Amino acid sequence: MTLSGRRGLASVRRMATSSRFLDGLDGLARATSHPAYVAVAPDWFWAADDPRAPFGSDDGHDTLRHLEEYFFDGGSDDEVPGALVELLDDWALVPEELWDAAPETVVAWLDADEPHVRFLHGEIDAYVAAAVAHFKVAGGVHPQLRAWAERACALLATVVDPWEQRAYGAGPGRYDERVAAVRTVLAATPAVG
């Protein structure tokens, strides 16, 4: 049964477990988000169609829903990084070793095949969404999720942005607002797990 099919059960669980805030069928809502997250999330973080927002891309949205299912099924804060790894393993978009590679290795991978930039954006979105989703659902973020989100933001700003300028003639700093907002929200997030 999907989270959508459990709408009534999710509401009951929210009432019974005040430490978890899960959205229902109505989508992103302040009422179904941890108050600490609501206090710091910019207005555009609530847009399900804004690609800057953590849950505004298909990959970010899918990551949020995956983690909500994980928590609905009784998942713990300690094991939430494993839930993200499971999702990314299913997607198999980016070779795992690329995340720890030198920038020139990432650039060579991007240059090798046109869809690679889309794949990298998908995983960047997932890493950011996972950290922000943990805050939204539980009121804190696992240190590993925070580190992965920071690594994803750094890669977006220092490798992907310059690569897109060269490859597509994109303007510089296209991701500055997004990266700054994610970093600000995560800086306000207590550690859990």
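In the context of the full set of protein chains, the chain has a per residue accessible area of 46 Å² (1.4 Å probe). Over the chain, dividing the summed -39,500 (n - 2.57) contributions of all DSSP H runs of at least 4 residues by the number of residues returns a 222 nm mean residue ellipticity of -17500 deg cm²/dmol. Over the stretch 86-133, all Cα pairs binned in 10 Å intervals from 0 give whole-percent P(r) values of 25, 56, 19, 1, listed from short to long. Here the chain is treated as an ellipsoid with the same Cα gyration tensor; its semi-axes, largest first and in whole Å, are 30, 17, 15.
Its alpha carbons considered, the stretch 97-184 gives a radius of gyration followed by a Dmax of 13.4, 40 Å. Find how many whole Å separate the alpha carbon centroid of the stretch 94-172 from the alpha carbon centroid of the stretch 19-61. So the separation of the two Cα centres works out to 20 Å.
The values are calculated or read from the model by the stated rules, or taken from the named source; none is laboratory data. Owing to the predicted nature of the structure, the values given are computational and were not obtained by experimental measurement. SASA here: full protein model, heavy atoms, side chains in, ligands and nucleic acids out. Shrake-Rupley method; radii C 1.70, N 1.55, O 1.52, S 1.80 Å.
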